[in-house]
Amino acid sequence: MVLQDLGRRINAAVTDLTRSPTLSEKAFDGMIKEISNALVEADVNIRLVSTLRKQIKSSVKFSELPAHANKKRIIQKAVFDALVDIVNPHQTPYQPKKGKSNVIMFVGLQGAGKTTTCTKLARWYQARGFKTCLVCADTFRAGAFDQLKQNAIKAKIPYYGSLTQTDPVVVARDGVEKFKKERFEIIIVDTSGRHHQEDALFAEMVEIQGAVRPQQTVMVLDASIGQAAEAQSRAFKETADFGAIIITKTDGAAAGGGAISAVAATHTPIVFIGTGEHLLDLEKFNPQSFVSKLLGMGDMQGLVERVQSLKLDQKETMKNITEGKFSVRDLRDQLQNIMKMGPLSKMAGMIPGLSGMMGDMNDDEGSLKLKRMIYICDSMTAKELDSDGKIFVEQPARMTRVARGSGTSVREVEELLTQQRMMSGMASKVKGNMKNMQKAQGAM
Ligand code: GDP
């Protein structure tokens, strides 16, 4: 998504201001203006941008800042909070309960990515121990059932649909009833998104909703929708009253800000984002993590989630993070996991500082960089690997030895240690959050 450029621009505006020797109010206003322009160019709704402007101005109150205050921190925090507010509707989405039948109905226009996302979400819940299934109530588009069936078979998820029944309401009702009897816990219903017949589409949605009485209705929005997102999401909200949004195709070239603006237009949370065509390309959405990632500050929780879902070897690291620690060895293990996790460009953003370090590298160059980082770790002693990295500061000769042993430079070793320090700092912050997350997962 072009949001990466947006993040870079916002970061540059904040950094330019906070680095300049004279931190004047005029320069501060200039920074807000630059951030606003960047957001508007990314298709974020203009009213939201104006609210953000006011919010940053009022939360910083530049002229009242005490001379000794850490202005940089205050400004960075104000920008961060204002950006989080754009994507945070302060509404908690429905949480499916174990042991119950949770019906989740998908709505959205044709081509938005509904059918693909239904299977992704089903797999997501399946991986978390829910008994999950899919119902295809799109009898309008020829081939919709076939598509869902293929996806479902690939993901080993039970499915229901009909090649002969043309009434989507009947198919939806029969499918949900059948799976409820079979005690399925997550029943996902895909619906039609027919184009150019909005009245018929909306009438059908309401009828299906009445027939299956979903615990949650999810609207699927294509990230490339631009400024049209507001009107479209309002129309869907008025008819189908969805309780959650999933934005798809965030990996594409679209600016993405329009889709994000749907949150404010409908006071509805984004729950997931689609990041590719593959079954695993679905990320849980969290406003703070999203903004952290946008600003290149990393997303430790997202990373932990991803690692957990892939069931990679990460027991020790998880244990350390919950204790607020992150050793060099943890960094090495995570780098190795990243290599296993698919396209680097997708993962790098989750690691604090790594996206900045990778700069504009393509996936091949990035992989090489990661490999060199792993070579560095592999040239360390067990004591060094299990350390918090301070040992290298106290005895810099160790860095030279490791660089020589791994065929890299001292600068690269330093970079790696900076990375580990940053992760370690994040880990200590994540400590509390992780405990809550684990409690919540235990309760699921
Ligand atoms: P539906 O008509 O709403 O059911 O849309 P589909 O699920 O058939 O998706 C339309 C197209 O978008 C398909 O080619 C999908 O592979 C593609 N698609 C869906 N989600 C994503 C995503 O997150 N990223 C990318 N790149 N493509 C996606």
> Is region 3-87 best put as rounded, prolate or oblate by its Cα gyration tensor, with a ≥ b ≥ c the root eigenvalues, rounded for a/c under 1.5, and otherwise prolate when a/b is larger than b/c, oblate when not?
Replying inline: prolate
> Whose amide H sits under 5 Å from the amide H of Leu134, counting only residues 5 or more places off or on another chain, with H placed in the peptide plane?
Replying inline: Tyr159, Tyr160, Ile188
>> Using the Cα centre of region 3-87 as the reference point, and only Cβ charges (+1 on K/R, -1 on D/E), how large is the resulting charge dipole? Debye, rounded to the nearest 20.
In response: 260
> Got a sec? How would Asp333, Asp16 order by Cβ neighbour count within 10 Å, fewest to most?
Replying inline: Asp16, Asp333
>> Using a Cα-Cα cut-off of under 16 Å, which aspartates and glutamates could be cross-linked to Lys72, ignoring same-chain neighbours fewer than 8 residues away?
In response: Asp16, Glu25, Asp29, Glu64, Asp81
> Check Gly193: other-chain or 5+ apart residues with amide H under 5 Å from its amide H, H built from backbone geometry?
Replying inline: Gln110
>> Taking 21 Å as the cut-off for C-alpha to C-alpha distance, list the pairs among Lys114/Lys237; Lys180/Lys249; Lys97/Lys249; Lys319/Lys383 that go past it.
In response: Lys180/Lys249; Lys97/Lys249
> HN-Hα J couplings of region 24-40 from phi, Karplus 6.51/-1.76/1.60, θ = phi - 60°, integer Hz, Gly and Pro as x?
Replying inline: 8, 5, 5, 5, 4, 4, x, 5, 4, 5, 5, 4, 4, 4, 4, 5, 4
> Which Cα, out of Phe179, Thr166, Ala155, lies furthest along the positive dipole direction of region 148-191 (beta carbon charges, K/R +1, D/E -1)?
Replying inline: Ala155
>> How high is the relative contact order of region 102-292? Use alpha-carbon pairs under 8 Å, at least six apart in sequence, and give a whole percent.
In response: 25
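Give me the dipole magnitude in Debye, nearest 20, for region 102-292 about the Cα centre, with unit charges on the beta carbon: positive for Lys and Arg, negative for Asp and Glu.
Details: 20 positive and 20 negative charges, 148 e Å.
Value, rounded to 20: 720 debye.
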> Does region 23-70 come out rounded, prolate or oblate, given a ≥ b ≥ c as the square roots of the eigenvalues of its C-alpha gyration tensor, rounded meaning a/c under 1.5 and, failing that, prolate meaning a/b above b/c?
Replying inline: prolate
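Most exposed first by the Cβ proxy, i.e. fewest other Cβ within 10 Å, how do Lys371, Lys249 rank?
Ordered by Cβ neighbours within 10 Å, fewest first: Lys371, Lys249.
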> In what order do Arg183, Arg401 fall by count of nearby beta-carbon atoms within 10 Å, going from fewest to most?
Replying inline: Arg183, Arg401
>> For the pairs Lys26/Lys61; Lys100/Lys284; Lys120/Lys293, flag any whose C-alpha to C-alpha distance is greater than 18 Å.
In response: Lys100/Lys284; Lys120/Lys293
>> Rounded, prolate or oblate, given the Cα gyration tensor of region 1-53, with a/c below 1.5 counting as rounded?
In response: oblate
> Can you give the charge dipole size of region 185-226 about its Cα centre, rounded to the nearest 20 debye, using +1 on the beta carbon of Lys and Arg and -1 on the beta carbon of Asp and Glu?
Replying inline: 60
> Thr217's amide H: which non-local residues (gap 5+, or another chain) put their own amide H closer than 5 Å, with H modeled 1.01 Å from N in plane and none for Pro or chain starts?
Replying inline: Met105, Gly243, Ala244
> Where does the charge balance sit around Arg183 when Lys and Arg score +1, Asp and Glu -1, over other residues with C-beta under 15 Å from its C-beta?
Replying inline: +4
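Only the coordinates and a few stated rules stand behind these numbers; no lab work does. Remember, it's a predicted structure, so these values are computed and weren't measured experimentally. When we count neighbours, we look across all protein chains shown, and the Cβ atoms used for this are built from the backbone with ideal geometry, even at glycine.
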